Amino acid sequence: MADELILREVHGEVGLVRLNRPAALNALSLPLMNELGDALAAWDSDPAIGAMVITGNNRAFAAGADIKEMADATSVQMLTHDHIGGWDRVAEMHKPVIAAVSGYALGGGCELAMMCDMIIASETAVFGQPEINLGVMPGAGGTQRMVRAVGKSITMEMVLNDRRLSAEEAYQFGLISRIYPVENYLDEALRIAGEIAARAPVAVRLAKESVNKAFEMSLSQGLAFERRNFYFLFSSDDQKEGMDAFANKRKPEWKGK
Ligand code: CAA
């Protein structure tokens, strides 16, 4: 329905959210982001779901935070309402979240995609942090996650001078993991999410957590964190099942225990 800010679909073990403000190029208003966070959180605790995908439409993943919603705000209002604070929920999910991006991923749209665990794009995707044109700057991770993905010099060009990256550039620079034709980028994202959802859930969860810790910790702390998660998995039924299945040349059956 046209009035719904997001559309939820379940494809096998994958939860799909379609951002649904096409007339506003999926501008990320507070109500939309609250609904997105609620949808992801519900699936994160639902054993029938193993991975999630966030997408927009072919023209726009999302053209940023809702500029009209913020235009008259004061800094005190932005601070006391913590305008962007609720967005952090996207990055706090335990299950893998994939961004399937076509068309514009600008400002908060680019930042939302970067909160996900991987970005799969169509050939038409455009990534940018154009907040400087509005007299502001990125506020949902654009200066932090972008620099970790593509390095300082390109990030500076994007943030200071509105350089936009094509899908091909974003792939070359390591921002995204796959490019597909616009006709099937979403199907491919759902396929990859479905493959991950069919894997050993506890190992997927701890592996995701460990990769993400690389952005927060020193190398030695991260290595220790990884090692502990690796050892911990030897108390899971799935580790016994996976190694026995390998030794006996059969397909493992994961229990998530
Ligand atoms: N917020 C609110 N409305 C938006 C929007 C946004 N971020 N982006 C697009 N829209 C609206 C437009 O106002 C327009 O609405 P009307 O038809 O009611 O006028 C509609 O979407 C279609 O947009 P355009 O007519 O501008 O379409 P276009 O094809 O000519 O241009 C565009 C497309 C280049 C993406 C252009 O819309 C644009 O530059 N959008 C803003 C991009 C931007 O600055 N994003 C950063 C936002 S701030 C932010 O995100 C802060 C943060 O870090 C969290």
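General observations
- Scoring 12-19, 61-68, 244-251, 194-201 by mean Cβ neighbours within 10 Å over their residues and listing the highest first yields 61-68, 12-19, 194-201, 244-251.
- What you get for the chain, charging only the Cβ of Lys and Arg (+1) and of Asp and Glu (-1), is a dipole of about 840 debye around the Cα centre.
- Under 20 Å between alpha carbons - lysine pairs in the chain that sit 8 or more apart or on different chains: 10
- Folded to 0 to 90 degrees: helix 237-247 orientation relative to the chain principal axis, Cα: 60
- For the chain, built as a Gaussian network whose Cα springs stay under 10 Å, the top-fluctuating residue of 175, 206, 25: 206
- For region 106-257, diffusion coefficient by Stokes-Einstein and Kirkwood Rh (Cα), 37 °C, 0.692 mPa s, µm²/s: 185
- Between the listed residues 100, 160, 83, the Cα displaced farthest toward the positive end of the dipole of region 47-165, a dipole computed from Cβ unit charges relative to the Cα centre, is found at 100.
- Computed over region 59-129, relative contact order equals 41 percent, with contacts defined as Cα pairs under 8 Å that lie 6+ residues apart.
- Over the chain, the fraction of Cα-Cα pairs per 10 Å bin, rounded to whole percents and listed from the shortest bin up, is 7, 29, 35, 21, 7, 1, 0.
- Point-charge dipole on Cβ atoms (K/R +1, D/E -1) for region 6-155, about Cα centre, debye to 20: 380
- Sequence-separation-based contact order of the chain, relative, with Cα cut under 8 Å and 6+ spacing, percent: 16
- Global geometry of region 102-172, whether rounded, prolate or oblate, following the gyration tensor of its Cα atoms and the 1.5 cut on a/c: rounded
- Net charge dipole size for region 207-257 [Lys, Arg +1 and Asp, Glu -1 on Cβ; Debye, nearest 20]: 140
- Centre-to-centre, using Cα atoms only, region 1-65 and region 116-159 are separated by 20 Å.
Just so you know, all these numbers are worked out from the coordinates, no wet-lab data involved. Note that this is a predicted model, so its numbers are computed, not measured. Positions of Cβ are backbone-derived with ideal geometry, glycine not excepted, and every protein chain shown enters the neighbour counts.
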